[in-house]
Each structure stands twice: as structure tokens, then as C-alpha cells.
1. Residue 269 fails exactly one of the following numbered conditions: (1) touching a Ser or Thr at 6+ places or on another chain (Cβ under 7 Å); (2) polar (S, T, N, Q); (3) crowded, with 19+ Cβ neighbours inside 10 Å. What is the number of that condition?
2. Just checking, which of 264, 296 is surrounded by 20 or more Cβ atoms within 10 Å (Cβ to Cβ), β-branched (Val, Ile, Thr) and outside the structural domain of residue 12 (by TED's automatic domain parsing)?
3. Looking only at the stretch 200-215, which residues are outside any helix (DSSP H, G or I) and over 21 Å from the mean Cα position of the chain (by Cα)?
4. What are the residues in the stretch 70-94 that are under 20 Å from residue 167 (Cβ atoms) and without any contact (Cβ under 8 Å) to a residue 24 or more places away in the chain, if any?
5. Exactly one of these conditions fails for residue 328: (1) surrounded by fewer than 24 Cβ atoms within 10 Å (Cβ to Cβ); (2) of a type outside the set (Ser, Thr, Tyr); (3) part of a strand (DSSP E or B). Give me its number.
6. Given the conditions (1) under 19 Å from residue 190 (Cβ atoms); (2) assigned to a helix (DSSP H, G or I); (3) in contact (Cβ under 8 Å) with a residue 60 or more places away in the chain, report the number of the one that residue 262 does not fulfil.
7. Determine, yes or no, whether residue 266 is within 15 Å of the ligand (Cβ to nearest atom) and not charged (D, E, K, R).
8. Take the stretch 287-322 and flag every residue that is assigned to a helix (DSSP H, G or I), away from the ligand (no atom under 12 Å from the Cβ) and not charged (D, E, K, R).
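The values are calculated or read from the model by the stated rules, or taken from the named source; none is laboratory data. It should be emphasised that the depicted structure is a prediction, and the values quoted were computed from it without experimental measurement. Note: ideal-geometry Cβ built from the backbone for every residue, glycine included; neighbour counts use all protein chains shown.
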Amino acid sequence: MDIKVKIKGTGIYAPKKVVTNFDLEKIVETSDEWIFERTGIKQRHICSTEGGEWPSDMAYHATLDALKAANLEPNDIDMILFASVTPDHKLPNTACILQQKLGITNKCAALDIAAACSGFVYGLNMATGLIKMGAIKNALIIGSEMLSREINWKDRNTCILFGDGCGVAIVGANEDASDSSDVLSLHLGADGKGKEFFDQPVGGAVEPITPTHIEESSHFMQMKGREMFKVATRTLAENARIVLDRADEKLENVDWLIPHQANVRIIETTGKLLGIDPEKVIINIDKYANTSAATVPIAMHEAITDGRIERGQLLLLDAFGAGLTTGATLLRY
Ligand code: UT7
């Protein structure tokens, strides 16, 4: 019997501190006008470094809302998939930290996913497979990032682009025969040839951070923006076609495209390549900037809570990130 998979509840957490483009004008040579025109970003949220807003804390708050929306208890969760490039610590994984914070005592599986901006979609698709084969009933999928820690605040090529935040979704088996909610098709992929387009080679086993790296600020994230831009638009459009083909669906039937929020021009170019009505594309990069694995679940949650996304509608989630990783999901909400 085919088991249907439903998004049962979502939640987000946005750190309290907001940094506007005007604030950035004071620390690097840039302008609100340049940032907004070239990226669509107006502001970003930044985590406190005093505690209380670590990636696991953000996920904790967002999960409480998702559990409420799903009408579930923490112990109903059978698996935690925590997508982040900025985990709380190297060890243990942040999924285990979150399991403990949520008071989950059922010993559910807890795994971190390092797939950069595609991490949430990776988690959603992997959980879908496990639910459909009957191995688990409910999974908690998280995208939670504190990118402000890994950004060189003196580098205008990167510091203007990113923000902190968290989005989560609880997905589970849909046992109601009259309920059409289901994941209809999915796609995951990666192309390691583009690994140098967006990387952070210092700080791992190969090259631990030394005082020289800190002096030269070479331990932060580095990105070749133009290269990423080109691959991103092509890949996002390709992904959408793949999941539509796999589900034998037409683009015109899609109610909402929820793309990774890296740059509004990437989103608009992807939309044009696909030929989708711009009114059907969810964009909130102006408020949050690029929060990596968190952009897709934050955008989805906002559109659910403000009433744009309704039950029964067809959603296309589409992501792309460092690695280069990529993934998409076509689902009936
Ligand atoms: O999540 C996935 C990873 N991220 C992405 O996929 C991001 C993809 N890339 C991008 O979003 C864009 O490439 C950027 C926003 C990073 C850059 O936009 P661009 O239109 O590609 O600008 P550019 O790098 O070609 O730079 C154009 C000009 C340059 O000046 P010259 O050489 O024309 O005199 C830059 O030096 O803009 C200058 N510039 C800036 N000026 C003001 C670059 N950054 C800034 C800045 N403020 N922050």
C-alpha cells in the first residue's frame, strides 16, 4: 500500500536583532541601493552571541510551534534531521542536542545533514522515503543557521548576502484516505565539480584554524558569486522540470514555487526560464537575506500562516547550494 506523506506542521524562528543595509553601510563600502538592486535584500536577522539563539535554540522554538500546528507531542517524532552548515558544535550533532532540549525520550534517530542551502529539501526527501516504506511515522526536518559566525564582516562580497534563522516542518504518514496531501515526486543531486565556487576550506581536518588564518581572515566562507549565480538559475529550473516530469504534472498546475532565497535576481531568472507566473513565486529574501538551509522552510511557513498556501494546493520546493548540492520536492500540501 502506498503511504501518503503530509506536512503536518511548520514553524520558524527569526533572531531578535535586525541588521539593515544601512547598518552595513557603516562597516563595508556598500549601499542600501546596491544591495537591494543586486540582491533584493533589505535586512537580515542576526543571532545573539550571548546564548539563547544558537541553532538548536532556534530549532527548539520553531519546533514547539510546528508541534502545536501538527497537534503532536515531542515523543511522536520518530526522526530528527537537522540541516545546517553552522551546527552548535562539531560533536555531538545538533539533532541530538535538540532531541534533549525538546524532552524527547523515545530514543528516536537524530542526524545532521551537511548539504548547505539544499539541506532542508534533502531532509524532507529522505524522510519521505522512510515514511513511504513504513519505517517511521513522523519526522522533524530542520534548517537552522547562524551564518553570521562564519561570515567575514569585512568582505562586502559575502557579508551583505547572509542572515541567521530557522525553519522547520513536521512531516508524517497521512492515514486519511479522503486527504490528498502527499509528496508526489522528488529529486536530489550534487556536482562536486563546483565545490570551489562556495567553500570554507579552513577549519576542518585538512587545515585547522591557526592564528595566521585569523590574522588574514582566511577561515571564513568564500564565494564566487557570478559562478554560483549562473549554475543556480540553470539548476533550479532543471530541478523543477525533473519533479514535474516524474509526477506527470504540468507547471501551470503548480500553485506555489518556493525557491531557495539566495538572490531575487536568481529567483526571477529561474521563473523566466521556467515560464511560471511571477505571482506564484514566494519571495521573502528582503526580510531575511540568505539563511541557507532555512530559506525554504521559512518562506513556506510564512506563506502558510498568512493564508497564501492552502491545503490541497500543489507546492514545488526548489533548492541549490554549496557542494554543489541541489534538490526539489513536488507535493500536495
Ligand atoms: O545560497 C547559494 C549561494 N549564493 C549564491 O548563489 C549567490 C549568487 N551570486 C549573487 O547573488 C551575485 O553574484 C552577487 C550578489 C554575489 C554579486 O552580484 P553581481 O551582480 O554578480 O555583482 P559582481 O560580483 O559582478 O560585482 C559588480 C560590481 C563590482 O564592481 P566593478 O568591478 O564593476 O567596479 C563589485 O566590486 O559591484 C561591486 N560590488 C559591490 N558594490 C557595492 C560587489 N559587492 C558589492 C557590494 N556593494 N556589497
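1. (3)
2. Numbers: 264 fails: surrounded by 20 or more Cβ atoms within 10 Å (Cβ to Cβ).
None of the other options fit; the residue is 296.
3. Keep residues of the stretch 200-215 that are outside any helix (DSSP H, G or I), which gives 200-210.
The answer is 201, 202, 203, 204, 205, 206, 207, 208, 209, 210.
4. Scanning the stretch 70-94 gives a single hit, 93.
5. Just one mismatch for residue 328, condition (1).
6. For residue 262, the exception is condition (2).
7. Yes.
8. Filtering the stretch 287-322 down to residues assigned to a helix (DSSP H, G or I) leaves 287-288, 292-305, 322.
Applying the additional criterion that residues be away from the ligand (no atom under 12 Å from the Cβ) yields 287-288, 297-305.
Listed by number, the residues that qualify are 288, 297, 298, 299, 300, 301, 303, 304, 305.
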